[in-house]
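The values are calculated or read from the model by the stated rules, or taken from the named source; none is laboratory data. Just so it is clear, the structure is predicted and the values come from calculations on it, not from any experiment. We place every Cβ from the backbone using ideal geometry, glycine too, and count neighbours over all the protein chains shown. For accessibility, only protein heavy atoms count, side chains too; no ligands or nucleic acids. Shrake-Rupley method; radii C 1.70, N 1.55, O 1.52, S 1.80 Å.
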Amino acid sequence: MNRPPLTPGAEMWKPWKRAKGAAPERSAPLELCDLCGTAFPEAEAVTADVPDSSCARPGHDGYDGLRRITACCTEHVEALRDEYRRRPFVQEELWAAKIVRAFGTGPPVRTLEELGRRTGLHGPEIRRAIAWHNERLRRTGPGGPDESGGAGDGR
């Protein structure tokens, strides 16, 4: 079979041309280890849910207070579990996270009653969460622990 000559430079692209009808090559989705930061294929991820009072996921109310951790190996997932085990679970922090989620999703919250409906919290819980949040701001500053000279994470 005689082919017409290729234009200059075209031959360098020829090895990369895929066959007609072939699906494009896709790399496997990657995950990052929460402990060491190593990237690895998603299929090799070791995951666990750990208690974390700062975690309130949008659209997943049933998982409030649980954080999904991802690691590259069982040793790293166990090290992360140990780290989270040492952190105190502060109920007011979880309530504050629910309030932040309510303010950040959906229509604006205009009343305490509406905030209660959106968060599932009662008035006293909302007030305790706000007091906890305000006290944490006083200790750590508006930008968090990094802007306060290392005052900790407020727990």
Exception for V100 within (1) of a type in the set (V, I, T); (2) touching a helix residue (DSSP H, G or I) at 6+ places or on another chain (Cβ under 9 Å); (3) open to solvent by less than 80 Å² (accessible area, probe 1.4 Å) falls at (3)
Across the stretch 114-140, the tally of residues that are touching a Phe, Trp or Tyr at 6+ places or on another chain (Cβ under 8 Å) and in a helix (DSSP H, G or I) stands at 6
Could you tell me whether any residue of the stretch 88-97 is of a type in the set (F, W, Y) and modelled with pLDDT of 95 or more?
yes
Of those in the stretch 51-71 that are among the charged types (D, E, K, R) and within 24 Å of W132 (Cα to Cα), the residue most open to solvent (accessible area, probe 1.4 Å) is D61
Note on the stretch 103-132: residues surrounded by fewer than 16 Cβ atoms within 10 Å (Cβ to Cβ) and acidic (D, E) are E113, E114
Picked from the stretch 34-50 (must be open to solvent by less than 40 Å² (accessible area, probe 1.4 Å) and not aromatic (F, W, Y)), the residue farthest from R81 (Cα to Cα) is A45
